[in-house]
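Trainee: The structure that follows is given in the form of C-alpha cells.
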Amino acid sequence: MLDKKDIEVLKELIQTELKPVNDNIQSLKVGQNKHSILLENMNKKLNTVIEGQQAQREQIDRHFQRLENNMKDDNTLIKSALKTVSGDVKDIKNDTNKLKDENKEIKKVTARNNYDIQLLKESI
C-alpha cells in the first residue's frame, strides 16, 4: 500500500506531467475565444452585406416595375395614337379621292363651258 509520502510524490508527478497539457488547454481556450470573436465579426459583416444585397434587390425590383408600367403606358399611348393617325390617313385618302372626282367633274364642266364660249363667239 502507498503511504502519504508516495501519494504526495505521485501527486506532484501527475501535476508536473499535466502542466503542459493544462497549458495547451489554456492556449486552446484563448485561441478559441479569438476565433469566436472573429466569427462574430464576420457574421456581423456578412449580415450587413446580406441586408445591402436585399435592399439592392428590392430597389431593382421597384425600378423594373416602374419601367414595366411606363412601357405599358407608352404602349397604350402609341396604340391610341396609331388608331388616330390611321383614321386620319383614311379620311385623307377619302378626301383625296373626292377631290380627284370633283377635279374630273370640274374639268368636264370647264371643257363644256369653253365649248359653249366658242359657240357663242362664233355666233356673234
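The values are calculated or read from the model by the stated rules, or taken from the named source; none is laboratory data. If you're wondering where the values come from, they're calculated on a predicted model, not measured in any experiment. Every residue, glycine as well, gets a Cβ built from its backbone with ideal geometry; the counts of neighbours run over all protein chains shown.
Trainee: Report, by residue number, each residue of the range 20-50 that is basic (K, R) and modelled with pLDDT of 85 or more. Steps first, answer last, please.
Mentor: Going residue by residue through the range 20-50, those that are basic (K, R) are 29, 34, 44-45.
Matches in the range 20-50: K34, K44, K45.
Trainee: Now for a different question. Under 8 Å by Cβ, and 6 or more places apart or on different chains, what pairs join a residue from the range 1-14 that is surrounded by fewer than 10 Cβ atoms within 10 Å (Cβ to Cβ) with one that is at pLDDT 80 or above?
Mentor: L2/L10
Let's see how each residue does on (1) of a type outside the set (F, W, Y); (2) surrounded by 10 or more Cβ atoms within 10 Å (Cβ to Cβ); (3) modelled with pLDDT of 95 or more:
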residue	(1), (2), (3)
G52	yes, yes, yes
Q56	yes, yes, yes
H63	yes, yes, yes
K83	yes, yes, yes
G87	yes, yes, yes
I92	yes, yes, yes
L99	yes, yes, yes
I117	yes, yes, no
I124	yes, no, no
